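Participant: Here it is, the structure in full.
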Amino acid sequence: MTLEYKKIFQKWALGLAWFYLLLWPLMGITPDGLSFAPSLKVWATVAAGTAFFLFIWILKQQGRLDFFSRPAISLGRSVGKAVGALPNKLLAVAAIAALCLPPLFAGRYVLDVSINVMIYVCLGLGLNIVVGLCGLLDLGYIAFYGVGAYTYALLSINYAVPFWLCLPVAAGMAAIAGCIIGYPTLRMRGDYLAIVTLGFGEIVRLILNNWMELTNGPNGILGINAPGVWWPNWADGFTLEHIWLKKLPYLYYVILGLALFTILAVHRLNYSRIGRAWEAIREDETAAELMGVNTFRLKLLAYAMGAVFGGLAGAFFAARMRFVSPNSFLFIESAMVLSMVVLGGMASIPGIILGTLALIALPEFFRDFEQYRMLAFGGAMTIMMLFRPKGLWPAKRLGQRSEESQ
Amino acid sequence: MDFFLQQCINGLTLGGFYALIALGYTMVFGVIQLINFAHGEFFAAGGYMGVILLSFCASMGFLETHPLLCLGGSMLLAMGYCAMLAMAVEKIAYMPLRRASRLSMLLSALGMSIFLQNGLMLTQGVYSKSYPTVFTNKVLHLGNVSISYMQIMTLALTAGLLVGLNALVFRTRIGTAMRATAQDKVMSALVGINANRVISMTFAIGAGLAAAAGIMVGMYYGTVRYDMGFVPGIKAFAAAVLGGIGNITGAMLGGLIIGLVEIFAAAYISGEYKDVFAFIILIAMLYFRPTGIMGENVDDTRV
């Protein structure tokens with residue numbers, strides 16, 4: 001037992017020494033001369049942090065935390081059971097009612113963050129169809145978001161088409177883009193697919209950036225209309241008055257509607273015939289094909305369906321910011337949406353919502369550490385893969401591709 | 001004609017950089033079948049180590065008195081640094097996942113790439129850094145074609161590194177061990193090859209080459225930026241696929257082709273869309289001939 005710990009400590013010490021060797025040249029060598037203090041400070045913080053986690057881990061291994069963890073786990077289980085006993089519809093109604101409340105009392109900032117979270121929920125669930133259900137790694141997903149956003153932006157600027165009419169058009173355009181990207185790439189599997197979708201995402205961004213006549217290039221498109229509605233006005237008799245939903249509380253309800261629609265749609269898709277076929281493809285493509293699943297058509301459908309939700313979210317994004325530019329559709333956004341799906345749990349709808357909250361809302365509480373956000377993203381992604389590859393809230397039906405278990 | 005020749009020289013210079021980066025992808029893929037997303041970051045880290053060390057030399061006054069010594073020393077140190085970085089990344093992010101699903105490994109690699117990129121940004125700043133001038137920009141004129149000394153030097157260094165790598169892989173013990181591991185892990189383990197060591201070495205060599213490319217790109221264009229690894233990384237991957245992933249000669253050839261195509265596309269078709277051509281080659285290649293022009297190391301499960 002002690003020998004085992006000795007080995008762990010040796011590894012830890014070696015790792016820290018190695019880390020300092022890598023850190024010092026970056027921080028310590030400056031044109032003014034060599035310095036050790038700043039790099040030692042960072043190093044000491046990291047050393048203390050890892051020592052703390054190592055200590056907790058060792059305590060857990062020795063079972064000294066059982067007095068706390070056992071009751072906590074059983075409490076969690078019984079709460080879960082109690083909630084599970086309630087009818088699902090009741091829960092859904094309660095959740096929706098709770099979500100309708102914030103605009104009544106919350107401030108601008110909270111609404112802004114919640115709108116962001118819901119946009120990303122739509123994106124995450126859309127990507128979940130491709131990655132979580134169908135098992136195809138897509139690193140260019142943000143391209144569909146961009147297609148949706150630019151579709152609405154251009155229709156609104158050039159032809160003043162109303163938002164609600166543009167939503168299905170944006171979704172359709174994104175689906176077409178999905179098919180165009182999907183068709184040549186779906187013959188590939190796994191890693192190659194990932195890198196090719198990444199390439200396609202970059203191509204879309206470059207087109208948006210360079211096609212000056214259509215997209216106004218890197219300057220973007222300004223002055224996009226907000227969503228508008230005809231609202232009954234009772235002031236003098238009954239008239240319908242057209243109002244623009246420019247204010248945040250209105251926009252909140254629009255995106256809430258979109259997010260709820262997405263959640264419902266993805267849930268229904270998941271438990272439909274198509275969803276089961278997708279899962280079959282994810283688990284074992286050859287076996288699925290043998291059972292009569294038309295794998296090519298269904299994979300293409302997964303791409304198109306995933307793109308639809310990206311397109312919807314994109315159209316809303318354009319209407320909410322009232323400005324689009326290619327800079328909103330960088331690769332890093334794709335990576336962020338993907339990390340939400342991975343962090344929350346692939347193919348698990350509550351998991352993805354949780355993942356989105358963790359990655360969008362949580363950093364808002366740590367504003368002072370804003371600059372470390374992406375660093376933490378990257379680190380968290382790797383650590384999740386090492387320790388909890390199925391995510392924070394794993395899906396119930398999730399197996400392993402048979403080709404991988406060999 | 002002169003214009004064509006000039007573009008050829010520019011294309012070969014650029015292609016040499018891509019070839020150096022592509023080698024890292026192809027060697028790692030050959031040994032553990034992983035697309036190492038963090039590879040572009042090794043390239044960027046190399047570029048940064050170059051600028052750090054050369055600026056330090058310049059401020060100490062060594063750069064003017066011993067330019068070649070400074071450059072050579074910085075390059076060796078940067079290559080060593082990136083090799084260490086790559087070994088650390090491999091130990092932390094890839095080794096524990098070797099038996100896990102390919103998706104987990106790919107995502108872990110992606111996470112490492114984001115992590116390293118932001119680590120560079122946090123320690124070195126968001127803005128681009130400029131290289132100190134090592135050589136005054138002398139240009140050699142051959143008729144109407146001009147080659148800068150910088151280009152001659154990068155071409156020579158690239159060629160030297162490629163020849164050296166070939167010798168390492170095909171003439172030495174560790175090279176033989178690498179090829180054996182790439183072909184059959186179980187069999188190579190049975191004859192006494194330590195697979196972990198070979199994989200570590202593969203990462204180290206690939207990252208060293210990428211670091212050399214990073215320094216040369218930094219000197220050639222004059223600046224480095226924390227996100228400089230991303231686009232060259234994808235293009236070099238395209239080069240590796242073009243040459244047949246897992247195939248070392250193929251990666252060199254693929255790099256040169258991608259470089260030439262990019263320069264010619266920029267010169268004759270459109271400068272704004274030059275990045276698109278590498279992606280189009282990648283997609284077309286994967287669609288029509290996934291084994292690449294040299295063809296090797298692809299089986300049914302991988303494509």
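The values are calculated or read from the model by the stated rules, or taken from the named source; none is laboratory data. All values reported here derive from a predicted model rather than from experimental measurement. Backbone-built Cβ (ideal geometry, glycine too); neighbour counts: all protein chains shown. Accessible surface is based on the protein model in full, side chains and every heavy atom, while ligands, DNA and RNA are left aside. Shrake-Rupley method; radii C 1.70, N 1.55, O 1.52, S 1.80 Å.
Participant: For helix B:102-124, what angle does its Cα long axis make with the longest principal axis of chain B, in degrees from 0 to 90 and rounded to 10?
Facilitator: 30 degrees
Participant: What distance in nm lies between label points placed 7 Å from Cα along the C-beta direction at residue A:18 and residue B:60?
Facilitator: Rounded to a tenth, the inter-label distance reads 2.8 nm.
Participant: Which of B:89, B:31, B:126 moves most in a GNM of chain B, Cα contacts under 10 Å?
Facilitator: B:126
Participant: Turning to a different aspect of this structure: Residue by residue through the stretch B:29-40, which ³J(HN,Hα) values in whole Hz follow from phi under the Karplus form 6.51 cos²θ - 1.76 cosθ + 1.60 (θ = phi - 60°), with glycine and proline marked x?
Facilitator: 5, x, 8, 10, 6, 10, 7, 7, 4, 7, 4, x
Participant: Additional query: What shape does the stretch B:1-139 have by the C-alpha gyration tensor, where a ≥ b ≥ c are the square roots of the eigenvalues, rounded means a/c under 1.5, and otherwise prolate means a/b greater than b/c and oblate the rest?
Facilitator: It comes out oblate by the Cα gyration axes.
Participant: Let me ask another. Taking the alpha-carbon centroid of each part, what is the distance from the stretch B:38-106 to the stretch B:152-174 in angstrom?
Facilitator: Using only Cα atoms, the two centres lie 18 Å from each other.
Participant: With the radius of gyration and the Kirkwood radius both derived from the Cα set of the protein assembly as shown, what is their ratio Rg to Rh?
Facilitator: My calculation puts Rg/Rh at 0.98.
Participant: Stretched out fully, how many nm does the piece from residue A:268 to residue A:73 gain, at 0.36 nm a residue minus the Cα gap? Each step should come with its number before you reach the end.
Facilitator: Values: separation 195, 0.36 × 195 = 70.20 nm, distance 3.11 nm.
Full extension from residue A:268 to residue A:73 adds 67.1 nm.
Participant: Assign one of three labels to the stretch A:286-362, namely rounded, prolate or oblate, based on the Cα gyration tensor with a ≥ b ≥ c the square roots of its eigenvalues; rounded applies when a/c is under 1.5, prolate when it is not and a/b is larger than b/c, and oblate otherwise.
Facilitator: Oblate, because a/c is 1.5 or more while a/b does not exceed b/c.
Participant: Please list, in chain and number order, the residues 5+ apart from residue A:233 or on another chain whose amide H is under 5 Å from its amide H, with Hs placed from the backbone.
Facilitator: A:239, A:240, A:241
Participant: In addition: Given labels modelled 7 Å from the Cα in the Cβ direction, how far is it in nm from residue A:357 to residue A:45?
Facilitator: Output for this residue pair reads 2.8 nm.
Participant: Let me ask you something else. Quick one: which residues, 5+ away or cross-chain, put their amide H under 5 Å from the amide H of residue A:324? H built at 1.01 Å from N.
Facilitator: For residue A:324, the qualifying residues are A:221.
Participant: Could you work out the per residue convex hull volume over the alpha carbons of chain A, in cubic angstrom?
Facilitator: 217 Å³
Participant: Quote the charge dipole size of the protein assembly as shown about the Cα centre in Debye, to the nearest 20; the model charges only the Cβ of Lys and Arg (+1) and of Asp and Glu (-1).
Facilitator: About 1840 debye.
Participant: Using DSSP loop states and a limit of at most 10 other Cβ atoms within 10 Å to flag trypsin sites (Lys or Arg not before Pro), what is the longest stretch of chain B containing no flagged site?
Facilitator: B:139-303
Participant: Rounding to the nearest 10 and keeping the result within 0 to 90°, find how far the Cα-based axis of helix A:2-28 lies from the longest principal axis of chain A.
Facilitator: For A:2-28 against chain A, the angle is about 60 degrees.
Participant: Excluding residue B:48 itself, calculate the net charge of residues whose Cβ lies under 15 Å from the Cβ of residue B:48, where each Lys or Arg counts +1 and each Asp or Glu counts -1.
Facilitator: Here the count lands on 0.
Participant: Only helical DSSP H runs with n ≥ 4 go in: add -39500 (n - 2.57) per run for chain A, normalise by residue count and round the 222 nm mean residue ellipticity to 500 deg cm²/dmol.
Facilitator: Rounded to the nearest 500, the figure is -23000 deg cm²/dmol.
Participant: Is the shape of the stretch B:98-144 best called rounded, prolate or oblate, per the rule: a/c under 1.5 gives rounded, else a/b larger than b/c gives prolate, else oblate, with a ≥ b ≥ c the square roots of the Cα gyration tensor eigenvalues?
Facilitator: Oblate, because a/c is 1.5 or more while a/b does not exceed b/c.
Participant: Now, a different point. As a quick test, which of the pairs A:41/B:129; B:138/B:235; A:7/A:41; B:91/B:235; A:11/B:91 have an alpha carbon distance above 21 angstrom in this structure?
Facilitator: On the way: A:41/B:129 24 Å; B:138/B:235 30 Å; A:7/A:41 26 Å; B:91/B:235 26 Å; A:11/B:91 11 Å.
Pairs exceeding 21 Å: A:41/B:129; B:138/B:235; A:7/A:41; B:91/B:235.
Participant: For residue A:228, what residues show an amide H to amide H distance below 5 Å, using hydrogens built from the backbone and excluding near sequence neighbours?
Facilitator: Amide H to amide H, under 5 Å and 5 or more residues apart or across chains, residue A:228 pairs with A:163, A:164, A:245.
Participant: Additional query: Residue A:85 label point, 7 Å along Cα→Cβ, cut-off 19 Å on backbone N: hits in the stretch A:342-356?
Facilitator: Hits in the stretch A:342-356 for residue A:85 at 19 Å: none.
Participant: Using only Cα atoms and rounding to the nearest 10 degrees, what angle (0 to 90) does helix B:230-242 make with the longest principal axis of chain B?
Facilitator: For B:230-242 against chain B, the angle is about 60 degrees.
Participant: Are there cysteines in chain B with no other Cys C-beta under 4.7 Å, and if so, which?
Facilitator: Taking the Cβ cut-off of 4.7 Å, the unpaired cysteines of chain B are B:8, B:82.
Participant: Skip the ligands, DNA and RNA, and give the accessible area per residue of the stretch A:155-236 with a 1.4 Å probe, whole Å². It would help to have the intermediate numbers written out before the result.
Facilitator: Values: 3910 Å² over 82 residues.
Per residue, the stretch A:155-236 has 48 Å² of solvent-accessible surface.
Participant: Could you tell me the calculated FRET efficiency between residue A:242 and residue B:99, based on Cβ-Cβ distance and R0 = 41 angstrom, to the nearest 0.05?
Facilitator: 0.10
Participant: Starting from the 7 Å offset along Cα-to-Cβ, what nm value, one decimal, do you get for the label separation of residue A:61 and residue A:176?
Facilitator: 5.9 nm
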